[in-house]
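A short write-up of the structure that comes next.
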Amino acid sequence: MASPHIESLPAPPPLARGALRVTPLGGLGEIGRNMTVFEHQGKLLVVDCGVLFPEDHQPGIDVILPDFTSIRDRLDDIVAIVLTHGHEDHIGGVPYLLKERADIPVIGSELTLAFISAKLKEHRIRPRTVHVEALDTHTAGPFELEFVAVNHSIPDGLAVAIRTKAGLVLHTGDFKMDQFPLDDRITDLRHFARLGEEGVDLFLTDSTNAEVAGFTTSERELTPAIDHVFATAPRRIIVSSFASHVHRIQQVLDAAHRNGRKVAFVGRSMVRNMGIARDLEYLNIPRGLVVDFGKLESMPDDKVTLICTGSQGEPMAALARMANGDHQISVGDGDTVLLASSLIPGNENAIYGIINKLTDLGANVVHKGNAKVHVSGHASAGELIYCYNIVKPRNVMPVHGESKHLHANGALAVRTGVPEDRVIIGADGVAVDLVKGRATIAGRVPAGLVYVDGQTVGRATEDTLKERRLLREGGVVTVVALVDPANNTLAEPLEFLTKGLVHDDHTFDGVQAEVEKALEKATPAQTKDLEALEGIVARAVSRFVRRKYRREPVVIAVVIDA
Ligand SMILES: [Zn+2]
């Protein structure tokens, strides 16, 4: 399989006439911030624009965006953004792209457009939307689009077929092949087959579950386990979920209704999305079942269900706050906490920590590890193999996954007969050109992680995060030095202020001499420059603390002229 040495790839050359370039700016090498840019005849088409949720080593970051650097000079060439479905990792970045050019048409299904429009309203952006349904066609510049129904953990998902003069591309978006979905809308394999008959030149497929053998279990098979939770929970049931997992929340609502409980939605994005899903009839809520959170507080505990999510629609954030007693829901003895979502890969340790804390508070925590309360939203290996055999693509490019998922997906394509050199294992920023029916790697554009930190976008860097991790692990030492500029000596003993560093009266014994020694070596130019002197003092103190205590606090020196 063609897999690039990414570091050594040059920038791609200008695109050949009549060729199609496919550049993923996110979602290859990570689970999240999915975004793919298609270029043809001087125009660009964007498919999805999502966010990635930060991990433990990215403290203080709200969400992570795809890098728009390579398209920033060409915003006017973008003919449309196609959204395959309404999950945050596919739509969460749209407000940030539209802030750069507000009138890019946004194409999607009814529920997807409703979710993104509500999100954009919070950013005070009114999008130009184009509503499409399965089997609709739409022309966007040189791209002829056709939409295909796919089944996923959110309703109204679409795969998109893109016809260009360079060939036919089929992008699955996120999908699985549940044959008995709650909304009876299955992945339209008949249409996949028709496209296959026509000849799919490049097939972009969801890799998330490519390492999982067999077939993803039907959502309906969760009903008994969820029902059991509702039938046996002695007190409140607190359900945590992504704010967009409409199918799962329907299951919870049904179980609550069957067991005589009332339900409240908690968390802004959950309340907003469920209101939309109910209004558009993607969610069927029996009359009187859902009440306001405030009203539920006065009801008996065994009649209460709370369905909640975090501020970004991400469930673990809210649960972490509950576990730390820092949430409007205070978890207590006898409560049942139901994790109706996946454990996000990479965050397992943090999640088990949260489960332990909730258990210590007296809660019974039900999760996919101890009950059948979660199925994946993504096709497993068996389903992917079916797709390859049905579509018979000429070239394959696995998308949506970490490297290991992309490779596993590529291996499935090869097993079904796709030649190895026609399977492109890409990465974020790696441009792939489709020329005369053949896909090859053309080069690489910037595709770094762009951090949203409070109101700032892209201002927090890897250096910022490194500093934060140092602060978290080593604390901070502020040292105040009164320096006599005449002879570069300390006029008074150094003073220390610390945060997060364990110390006593003798911790800094001996450092004074080392700072003086360092100051003696200062050049005349440095002596005249307070900032340079501060650097010298800070480095001397850092060296001392590292050598003596094996700690690396952030050291801030303040030098004052004596
Ligand atoms: Zn999804």
Checklist line | residue 347 at pLDDT below 95, surrounded by fewer than 18 Cβ atoms within 10 Å (Cβ to Cβ), more than 23 Å from residue 88 (Cα to Cα) and not small (Gly, Ala, Ser) | finding: no
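I'd like the residue in the stretch 386-399 that is hydrophobic (A, V, I, L, M, F, W, C) and buried (at least 21 other Cβ atoms within 10 Å of the Cβ) and, out of all such residues, is nearest to the ligand (Cβ to nearest atom). Before you say what the answer is, go through the steps one by one.
Step one: filter the stretch 386-399 for residues hydrophobic (A, V, I, L, M, F, W, C), giving 387, 390-391, 396-397, 399.
From the residues that got through so far, the ones that are buried (at least 21 other Cβ atoms within 10 Å of the Cβ) too are 387, 391, 396-397, 399.
Details: 387: 17, 391: 20, 396: 20, 397: 18, 399: 12 Å.
Among those residues, the one meeting the criterion is 399.
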Note to self: For the condition free of Cβ contacts under 8 Å to residues at least 12 places away in the same chain, of a type in the set (Asp, Glu) and over 30 Å from residue 56 (Cβ atoms), what is the one hit in 514, 531, 520, 492?
What the structure shows: 531
Next item on the list: Would you tally the residues in the stretch 280-325 being part of a strand (DSSP E or B) and farther than 18 Å from residue 362 by Cα?
Entry: 3
Next item on the list: Would you kindly identify the helices (runs of 4 or more DSSP H) lying entirely within the stretch 11-116 that contain at least 2 residues that are over 13 Å from the mean Cα position of the chain (by Cα) and away from the ligand (no atom under 16 Å from the Cβ)?
Entry: 69-72, 94-98
Check: Between a first residue in the stretch 367-385 that is within 15 Å of the ligand (Cβ to nearest atom) and a second residue that is aliphatic (A, V, I, L, M) and at pLDDT below 90, which pairs have beta carbons less than 7 Å apart while being 6 or more apart in sequence or on different chains?
Finding: 374/340
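What residue, among those in the stretch 198-211 that are part of a loop (DSSP other than H, G, I, E, B) and away from the ligand (no atom under 16 Å from the Cβ), is surrounded by the fewest Cβ atoms within 10 Å (Cβ to Cβ)? Step through it out loud before you land on a result.
Step one: filter the stretch 198-211 for residues part of a loop (DSSP other than H, G, I, E, B), giving 199-201, 207-208, 210-211.
From what's left, away from the ligand (no atom under 16 Å from the Cβ): 199-201, 211.
Numbers: 199: 13, 200: 22, 201: 21, 211: 17.
The qualifying residue surrounded by the fewest Cβ atoms within 10 Å (Cβ to Cβ) is 199.
If only one of 523, 527 is among the hydroxyl-bearing types (Ser, Thr, Tyr), surrounded by fewer than 16 Cβ atoms within 10 Å (Cβ to Cβ) and more than 41 Å from the chain's Cα centre (by Cα), which one is it? Break it down into steps so the answer makes sense when it comes.
Numbers: 527 fails: surrounded by fewer than 16 Cβ atoms within 10 Å (Cβ to Cβ).
None of the other options fit; the residue is 523.
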Margin query: Every residue in the stretch 120-137 that is closer than 14 Å to residue 80 by Cα and in contact (Cβ under 8 Å) with a residue 40 or more places away in the chain, please.
Written below: 130
Check: Here are some conditions: (1) of a type outside the set (Phe, Trp, Tyr); (2) over 26 Å from the mean Cα position of the chain (by Cα); (3) within 24 Å of residue 400 (Cα to Cα); (4) surrounded by 13 or more Cβ atoms within 10 Å (Cβ to Cβ). Residue 420 meets all but one. Which one does it not meet?
Finding: (4)
Margin query: Yes or no: the stretch 143-164 includes at least one residue that is in contact (Cβ under 8 Å) with a residue 24 or more places away in the chain and surrounded by fewer than 17 Cβ atoms within 10 Å (Cβ to Cβ).
Written below: no
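What are the residues in the stretch 31-60 that are small (Gly, Ala, Ser) and closer than 24 Å to residue 119 by Cα, if any? Step through it out loud before you land on a result.
Restricting attention to the stretch 31-60, the residues satisfying the condition of being small (Gly, Ala, Ser) are 32, 42, 50, 60.
Matches in the stretch 31-60: 32, 50, 60.
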Note to self: Among the numbered criteria (1) of a type in the set (Lys, Arg); (2) more than 16 Å from the ligand (Cβ to nearest atom); (3) under 23 Å from the mean Cα position of the chain (by Cα), which one does residue 165 miss?
What the structure shows: (3)
Item checked: Criterion violated by residue 281 - all others in (1) at positive phi; (2) buried (at least 17 other Cβ atoms within 10 Å of the Cβ) satisfied -> (2)
Next item on the list: Any chance you could count how many residues in the stretch 144-172 are more than 22 Å from residue 221 (Cβ to Cβ) and among the small types (Gly, Ala, Ser)?
Entry: 4
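Yes/no per residue for (1) over 23 Å from residue 359 (Cβ atoms); (2) under 25 Å from the mean Cα position of the chain (by Cα):
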{"position": "192", "(1), (2)": "yes, no"}
{"position": "212", "(1), (2)": "yes, yes"}
{"position": "218", "(1), (2)": "yes, yes"}
{"position": "223", "(1), (2)": "yes, no"}
{"position": "242", "(1), (2)": "no, yes"}
{"position": "254", "(1), (2)": "yes, no"}
{"position": "263", "(1), (2)": "yes, no"}
{"position": "277", "(1), (2)": "yes, yes"}
Notebook entry, point to check: Among 128, 124, which is on the phi > 0 side of the Ramachandran plot, surrounded by fewer than 21 Cβ atoms within 10 Å (Cβ to Cβ) and more than 16 Å from the ligand (Cβ to nearest atom)?
Noted result: 124
Next item on the list: Say whether the condition of being in a helix (DSSP H, G or I) and of a type in the set (Lys, Arg) is met by at least one residue in the stretch 260-267.
Entry: no
Margin query: Tell me yes or no: at least one residue of the stretch 309-332 is touching a residue at least 12 places away in the same chain (Cβ under 8 Å) and of a type in the set (Lys, Arg).
Written below: no
Next item on the list: Give me the pairs, please: first residue somewhere in the stretch 84-104 and within 21 Å of residue 454 (Cα to Cα) and in contact (Cβ under 8 Å) with a residue 40 or more places away in the chain, second residue anywhere and in a helix (DSSP H, G or I) and within 16 Å of the ligand (Cβ to nearest atom), beta-carbon distance under 6 Å, and either six or more positions apart or on two chains.
Entry: 91/116; 94/116
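Give the residue that is farthest from the ligand (Cβ to nearest atom), with candidates limited to residues of the stretch 171-197 that are among the aliphatic types (A, V, I, L, M) and farther than 30 Å from residue 249 by Cα.
Restricting attention to the stretch 171-197, the residues satisfying the condition of being among the aliphatic types (A, V, I, L, M) are 177, 182, 186, 189, 193, 195.
Next, only the ones that are farther than 30 Å from residue 249 by Cα stay: 193, 195.
Working: 193: 23, 195: 21 Å.
Looking at residues that are among the aliphatic types (A, V, I, L, M) and farther than 30 Å from residue 249 by Cα, I get 193.
Check the stretch 143-155 and report whether any residue there is touching a Pro at 6+ places or on another chain (Cβ under 8 Å), within 16 Å of the ligand (Cβ to nearest atom) and not in a helix (DSSP H, G or I). Reasoning before the result, please.
So in the stretch 143-155, the residues touching a Pro at 6+ places or on another chain (Cβ under 8 Å) come out as 151.
From the residues that got through so far, the ones that are within 16 Å of the ligand (Cβ to nearest atom) too are 151.
Of the ones still in play, those that are also not in a helix (DSSP H, G or I) are 151.
Yes, some residue in the stretch 143-155 is touching a Pro at 6+ places or on another chain (Cβ under 8 Å), within 16 Å of the ligand (Cβ to nearest atom) and not in a helix (DSSP H, G or I).
The values are calculated or read from the model by the stated rules, or taken from the named source; none is laboratory data. Just so you know, these numbers come straight off a predicted model, no measurement behind them. Here Cβ is always computed from backbone atoms with ideal geometry, including for glycine, and neighbour counts include all displayed protein chains.
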